[in-house]
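The values are calculated or read from the model by the stated rules, or taken from the named source; none is laboratory data. Being a predicted model, the structure only gives us computed values, none of them experimental. Reconstructed Cβ throughout: ideal geometry from the backbone, glycine too, with neighbour counts over all protein chains shown.
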Amino acid sequence: MIADDLDALLPRLYEELRRLARSKLRSERGDHTPDTSALVHEAYLKMSGEARAEFTGRAHFLALAAVAMRRILIDHAKGRNADKRGGGAVVHVTLDGSAVPDGHGGLDAVDLLQLDSSLTRLATFNPRGAEVVQYRFFAGLTHEEIAEVMGVSVPTVRRSWAVARAWLANELA
């Protein structure tokens, strides 16, 4: 499924994408750009520009949207940190129960760039764990949805989530 199918999927999942974007932007300052709609639209543009992307269903679509939103937010944070006037600004996100579904949070607010850097490090020795964190945090997918996207069992996702979350909590402390 590529651009035409993406165009067909977007209206059906638009509100869900807006909910995900709102959860990602909840801890940002009020004048944060991109806003919810802009983040959804930028993610759509990024995904539609990747002609090789194929979506096998709702969970897979949301997982790819999570990757796109992560890239957009990281790029925005880097740009804001490089800005002459606000170069020292830090973008914070929460990894508590409000940002991560099902009450599996417990991590305090962290710098988004630090989270991205930590996820990149985690991926070098625990790629599955980093992928699970990305899908849980950036897409809000359930364990079952992540298992479907990754082609693994739900218990495998739960174990990967627990290990990766513990490592991140230690890393970001």
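So here's what we get for this one:
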{"read-out": "Condition check for Glu15: part of a loop (DSSP other than H, G, I, E, B) and either at pLDDT 70 or above or over 12 Å from Ile72 (Cβ atoms) (or both)", "value": "no"}
{"read-out": "Residue check for Gly57: more than 30 Å from Ala8 (Cα to Cα) and either in contact with a helix residue (DSSP H, G or I) (Cβ under 9 Å, 6 or more places away or on another chain) or at pLDDT below 70 (or both)", "value": "no"}
{"read-out": "Top-ranked residue of the stretch 126-155 - restricted to ones that are free of Cβ contacts under 8 Å to residues at least 40 places away in the same chain and of a type in the set (A, V, I, L, M, F, W, C), ranked as nearest to Ala21 (Cα to Cα)", "value": "Val133"}
{"read-out": "Candidate set from the stretch 97-124 (those that are out of contact with any Asp or Glu (no Cβ under 8 Å at 6 or more places or on another chain) and modelled with pLDDT of 90 or more); member that is surrounded by the most Cβ atoms within 10 Å (Cβ to Cβ)", "value": "Leu119"}
{"read-out": "Residue selected from the stretch 137-165 under the condition hydrophobic (A, V, I, L, M, F, W, C) and farther than 23 Å from Leu112 by Cα, by the criterion surrounded by the fewest Cβ atoms within 10 Å (Cβ to Cβ)", "value": "Val154"}
{"read-out": "Selection within the stretch 133-152 - within 15 Å of the chain's Cα centre (by Cα) and under 9 Å from Ala59 (Cβ atoms)", "value": "Tyr135, Ala139, Leu141, Thr142, Glu145, Ile146, Val149"}
{"read-out": "Residue, modelled with the lowest pLDDT, within the stretch 125-136, restricted to residues that are buried (at least 21 other Cβ atoms within 10 Å of the Cβ) and among the charged types (D, E, K, R)", "value": "Arg136"}
{"read-out": "Candidate set: the stretch 148-161, residues that are modelled with pLDDT of 95 or more and in a helix (DSSP H, G or I); chosen: the one farthest from Arg70 (Cα to Cα)", "value": "Pro155"}
